[in-house]
Amino acid sequence: MKTAVIGAGAIGGYLAAMLAEAGHDVSLCVRMPFDELTLEEEGKARKVSARIIDEPSDLPGGSGSADLVVVATKAQDTASARPWLEALVGSQTLILMAQNGVEHEERVAAIQLSGTIVPSIVYIAAERVAPGRIVHHYSSRLILPDDVAGRQVGEFFGETKLSVEIEPEFLTAAWRKLLSNVVANPITALTLRRMEVFQDEAIRQLGMDLLAEAIAVGRAAGAKFGDGEHERVLDQYSRANSNSGSSMLYDRLAGRRLEHEYLTGAVVRAGKRLGIPTPLNAAILALLSAVDRAPIERP
Ligand SMILES: NC(=O)C1=CN([C@@H]2O[C@H](COP(=O)(O)OP(=O)(O)OC[C@H]3O[C@@H](n4cnc5c(N)ncnc54)[C@H](OP(=O)(O)O)[C@@H]3O)[C@@H](O)[C@H]2O)C=CC1
Ligand SMILES: CC(C)(CO)C(=O)C(=O)O
């Protein structure tokens, strides 16, 4: 099948590898071309068979002929993917949104595409360490909605290392992933530390307090959270490879723009709409916005 991945970063690179290894034709749509894509797992690197393209006019096949397009830019860059989407998407195309947050459909709605948008929840901890070089740290799960399009997307990944889960309670699962992103991403990005930061008792307490607000907002938004969500999120960090960080930490370290408005910002916005106070998340959002507005110093 003809597939394309927009954004050759950590997640785009990893998913491109899975699609290539499942036997699909993969076009990697990039802003800055590089020679080859490699994926490193457990210290071993392998080359990924994908065509690297930096101009929509160089895509193979006719306009709108992709079977699957994966959008794997940061959320704030989704609008800039428009020329790629317009070239790739036809009425039969599935558009997989491989991004964090809970507002997947809204991000592409303005582009008015004729294909089918499929939100997803990505549990893949990966890092782009150089252009075209992806390191996979841990976890390889993709959660898709329990509908026809979600199942069709799942079939593309066949017998790869990626574990595809079809989730009937997709809204709850999406909010559950957001819970982990409103703690790990801001705290690692603000402290410039990796997951080992959660061994600090005061940081774990801050995480618990951020989670209490986000859980209340998620419940008001319709997420069916049980008891023990706090512990589940924080335990997940204890089990994480302590050398891994978060996508927001990697952006800060590289002097790139941050995704805070779509993670912590999504909780604060929903809290305002639903009448749930989120003072701690609002404070974290203010700090992240200030960091994001600082003059960019590229390392
Ligand atoms: N990394 C992780 O462990 C995880 C990340 N996520 C989520 O996945 C999503 C992607 O994150 P991640 O892979 O980490 O991000 P990265 O920054 O590693 O990769 C994003 C890529 O998108 C590219 N890009 C941006 N705009 C365009 C465009 N218009 N055309 C082509 N390419 C473009 C960037 O290009 P350039 O190289 O030019 O900057 C970059 O290579 C985010 O929503 C993140 O929150 C979810 C789970 C885990
Ligand atoms: C931290 C992690 C891997 C899971 O919470 C993530 O989703 C991210 O880096 O954006």
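The values are calculated or read from the model by the stated rules, or taken from the named source; none is laboratory data. Just so it is clear, the structure is predicted and the values come from calculations on it, not from any experiment. Backbone-built Cβ (ideal geometry, glycine too); neighbour counts: all protein chains shown.
I need the full set of residues from segment 32-81 which are touching a Ser or Thr at 6+ places or on another chain (Cβ under 6 Å), among the aliphatic types (A, V, I, L, M) and surrounded by fewer than 16 Cβ atoms within 10 Å (Cβ to Cβ), in order please. Passing the criteria: only 45. What is the number of the single condition among (1) away from ligand 1 (no atom under 16 Å from the Cβ); (2) within 30 Å of residue 131 (Cβ to Cβ) that residue 243 does not meet? Here residue 243 clears every test but (1).
Determine, yes or no, whether residue 110 is within 11 Å of ligand 1 (Cβ to nearest atom), of a type in the set (A, V, I, L, M) and out of contact with any strand residue (DSSP E or B) (no Cβ under 6 Å at 6 or more places or on another chain). Criteria not met by residue 110. Among the criteria (1) assigned to a loop (DSSP other than H, G, I, E, B); (2) within 12 Å of ligand 1 (Cβ to nearest atom); (3) touching a Ser or Thr at 6+ places or on another chain (Cβ under 8 Å), the one residue 102 does not fulfil is (3). Among the residues making up segment 38-56, those that are part of a loop (DSSP other than H, G, I, E, B), within 17 Å of residue 136 (Cβ to Cβ) and free of Cβ contacts under 8 Å to residues at least 12 places away in the same chain are 42, 43. Do we find that residue 61 is on the phi > 0 side of the Ramachandran plot, in the same structural domain as residue 141 (by TED's automatic domain parsing), in contact with a strand residue (DSSP E or B) (Cβ under 7 Å, 6 or more places away or on another chain) and touching a residue at least 40 places away in the same chain (Cβ under 8 Å) in this structure? In short, yes.
Those helices (runs of 4 or more DSSP H) of segment 217-289 in which at least 1 residues are under 12 Å from residue 179 (Cβ atoms), considering only elements entirely within it, cover 229-239, 264-274. Pairs are defined by a Cβ separation below 6 Å, a sequence spacing of at least 6 or placement on different chains, a first member in segment 241-264 that is farther than 15 Å from residue 78 by Cβ and hydroxyl-bearing (Ser, Thr, Tyr), and a second member that is assigned to a helix (DSSP H, G or I) and more than 10 Å from ligand 2 (Cβ to nearest atom); the pairs so defined are 242/196; 264/186; 264/281; 264/284; 264/285. Only residues that are more than 11 Å from ligand 2 (Cβ to nearest atom), under 22 Å from the mean Cα position of the chain (by Cα) and at pLDDT below 95 were counted across segment 204-233, and they come to 3. Being closer than 13 Å to residue 4 by Cα and at pLDDT 95 or above is a description that applies to residue 16. Given the condition within 14 Å of ligand 2 (Cβ to nearest atom), aliphatic (A, V, I, L, M) and closer than 19 Å to residue 130 by Cβ, answer yes or no: does some residue in segment 252-262 qualify? Yes, there is a match, as at least one residue in segment 252-262 is within 14 Å of ligand 2 (Cβ to nearest atom), aliphatic (A, V, I, L, M) and closer than 19 Å to residue 130 by Cβ.
Tell me whether segment 236-244 contains one or more residues that are under 19 Å from residue 100 (Cα atoms) and of a type in the set (Gly, Ala, Ser). The answer is yes, given that some residue of segment 236-244 is under 19 Å from residue 100 (Cα atoms) and of a type in the set (Gly, Ala, Ser). Within segment 92-119, residues that are under 23 Å from residue 13 (Cβ atoms) sit with their Cβ atoms under 6 Å from residues that are surrounded by fewer than 21 Cβ atoms within 10 Å (Cβ to Cβ) and of a type in the set (D, E, K, R), at 6+ positions apart or across chains, in these pairs: 117/105. Filter segment 117-172 down to the residues that are within 16 Å of ligand 2 (Cβ to nearest atom), in a loop (DSSP other than H, G, I, E, B) and within 15 Å of residue 19 (Cα to Cα) and list them by number. Within segment 117-172, 162 is the sole residue that qualifies.
Within segment 69-77, at least one residue is in the same structural domain as residue 25 (by TED's automatic domain parsing), polar (S, T, N, Q) and under 23 Å from residue 253 (Cβ atoms).
Residues in segment 1-19 that are within 22 Å of residue 90 (Cβ to Cβ) and surrounded by fewer than 23 Cβ atoms within 10 Å (Cβ to Cβ) were compared, and the one that is farthest from ligand 1 (Cβ to nearest atom) is 1.
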